[in-house]
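Taken together, the values in this text are just the output of simple stated rules run on the coordinates, not laboratory data. Everything numeric here is computed off the predicted structure, so don't read it as measured data. Here Cβ is always computed from backbone atoms with ideal geometry, including for glycine, and neighbour counts include all displayed protein chains.
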């Protein structure tokens, strides 16, 4: 996670454990609901502080949502990743910000991480995404 999402994170590898992902003053605490190696990771957001005061009136819209990654093997030996953020819907205030960030972290940073071993995570010391 530090190589593709944020360099400041504490990650639990136990079902029921919580992981914290920090982005400057913003953070998400995600509880591991399901961890099936090679198949699925499901987190439930139990705490959040999304610091975008000029754009959001609520800083905790993720609480109660689930982030799900499902992996499946392709016939050519590759792997498909299906991603869903259950509960993140257009009606909530942070939707556009979060949709754009997920597109970046999955479509750019994770893709580059898988292909080259080096992603483009958020770097706290820079206060922004890694160049």
Checked the stretch 84-125 against the a/c 1.5 cut and the a/b vs b/c comparison, axes a ≥ b ≥ c from its Cα gyration tensor; verdict prolate
Burial-style ranking of 9-22, 110-123, average other-beta-carbon count within 10 Å with highest first, yields 110-123, 9-22
Rounded to the nearest 10 degrees, the helix 95-104 long axis (Cα) sits at an angle to the longest Cα principal axis of the chain of 40 degrees
Against the 2.2 N^0.38 Å rule of thumb, the C-alpha Rg of the stretch 1-85 sits at a ratio of 1.21
Simple SL model, points at 7 angstrom along Cα→Cβ for residue 47 and residue 118; separation in nm is 3.5 nm
Simple spin-label estimate for residue 35/residue 72, 7 Å along Cα→Cβ, in nm, reads 2.5 nm
So, with points 7 Å from each Cα along the Cβ direction, the residue 18-residue 100 label distance in nm works out to 2.9 nm
